[in-house]
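One structure is given here, and the rest of the page talks about it.
The values are calculated or read from the model by the stated rules, or taken from the named source; none is laboratory data. Note that the structure is a prediction, hence the values are computed from the model and not measured. Here the Cβ positions follow ideal geometry from the backbone for every residue, glycine too, while neighbour counts run over all protein chains shown.
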């Protein structure tokens, strides 16, 4: 069996990357499915309103839940893949040693923000779980569950980025495209 070379990431980084990539793919699958379902139910809304003359009232409430899934899971994947909206002009004009510090600071702040989103989102989800959404009779906690999941993923992804920066294995490139 060959020994890992200097360019081979440590085992824990490879495992972390596989787990994070899998969670990102699952998140994108859920967000994409939510988008397709939302498109279908809006088609049903239009058909019901203009053809059947009977507007389905539940579509608005379900679509609000689906928008939460799309937005929050998509945002978490954006952090993981470094495709989220960011302002990088300042980091681009400073020396590389300072750029690394700013990158690490950004990752730590994002991890803290994600941790707070997770914690308070979990409290909100548990608080609202026994209340029902009008018209569809589903738990109100479902409205904040995507926020909670996104916070947990932001914490994990940003912590992973921080670890990579500290180990000198961060391959992200700043882009304003």
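From the list 17, 7, the one residue that fits, being at negative phi and not in a helix (DSSP H, G or I), is 7. Of the helices (runs of 4 or more DSSP H) that lie entirely inside segment 86-177, those containing 3 or more residues that are closer than 26 Å to residue 16 by Cα and out of contact with any strand residue (DSSP E or B) (no Cβ under 6 Å at 6 or more places or on another chain) span 96-128, 141-166. Within segment 36-64, residues that are without any contact (Cβ under 8 Å) to a residue 24 or more places away in the chain reach partners that are in a helix (DSSP H, G or I) and exposed (fewer than 14 other Cβ atoms within 10 Å of the Cβ) with beta carbons closer than 6 Å, at six or more positions or on different chains, in the pairs 55/49. Being at pLDDT 95 or above and surrounded by 15 or more Cβ atoms within 10 Å (Cβ to Cβ) narrows it down to one residue among 104, 30; which is it? Residue meeting the stated conditions: 30.
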